[in-house]
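Asker: Questions regarding the structure given below will be posed in turn.
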Amino acid sequence: EVQVAESGGGLVQAGGSLRLSCVASGFTFDDRAIGWFRQVPGQMREGVSCISSRDGNIYYDDSVKGRFTISSDMARNTVYLQMNGLKPEDTAVYYCAAAEVCIDTILYGDLTWGKGALVTVSS
């Protein structure tokens, strides 16, 4: 069974940093793509970043480019999202999802979602 699980959310002041983790089980990351998304109540879920092992590409939404970094540790079947220079508008529930491939933060193929991790950035 394909599963992903997020961790590392919390409360941080503006300008601070957090590191989110997405641990995959039931599959190996080396032939998949992992994307990070975020959602605020009443708003649509938006893509944040994605890393695709099939082509080695990495994508970031313009809103986080230069502040967030996505990386992977295949030995641990884990994808990380390092978030620096956090802003109050980054406050959201962050989800990771696994699929076949991603292009421009959009995942393609059958998606498996985690349960989410809350990130709160105070002003």
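Values in this text are rule-based calculations from the coordinates and carry no lab data. Keep in mind that this is a model prediction, so the values were computed, not measured. Glycine gets a Cβ as well: all are built from the backbone with ideal geometry, and neighbour counts include every protein chain shown.
Asker: Using only the alpha-carbon atoms of region 49-123, report the extent along each of the three principal axes, biggest first, to the nearest angstrom.
Answerer: 39, 26, 24
Asker: While we're on this one: Could you work out the relative contact order of the chain? I mean the mean sequence separation of Cα pairs under 8 Å and 6+ apart, divided by the number of residues, in percent.
Answerer: 35 percent
Asker: Also, I was wondering about something else. Return the FRET efficiency for the residue pair Arg54, Asn84: r is the Cβ-Cβ distance, R0 is 35 Å, and the value is rounded to the nearest 0.05.
Answerer: 0.80
Asker: Here's a follow-up. Using only the Cα atoms of region 11-83, what are the Rg and Dmax in Å?
Answerer: Here Rg and the maximum Cα pair distance are 13.0, 38 Å.
Asker: Quickly rank 48-55, 30-37, 68-75 as a protection proxy: mean count of other C-beta atoms within 10 Å, highest first.
Answerer: Top to bottom by mean Cβ count within 10 Å: 30-37, 48-55, 68-75.
Asker: Could you tell me which residue out of Thr112, Val40, Ser53 lies farthest along the dipole of the chain toward its positive end? Charges go on the beta carbon: Lys and Arg +1, Asp and Glu -1, centred on the Cα centre.
Answerer: Looking along the dipole axis, the top candidate is Val40.
Asker: Restricting attention to region 1-85, which GluC sites (Glu not before Pro) occupy a DSSP loop and are surrounded by at most 11 other Cβ atoms within 10 Å? Before the final figure, lay out each step's value.
Answerer: Working: sites: Glu1, Glu6, Glu46; in loops: Glu1.
Those that pass, being in a loop and sparsely packed, are Glu1.
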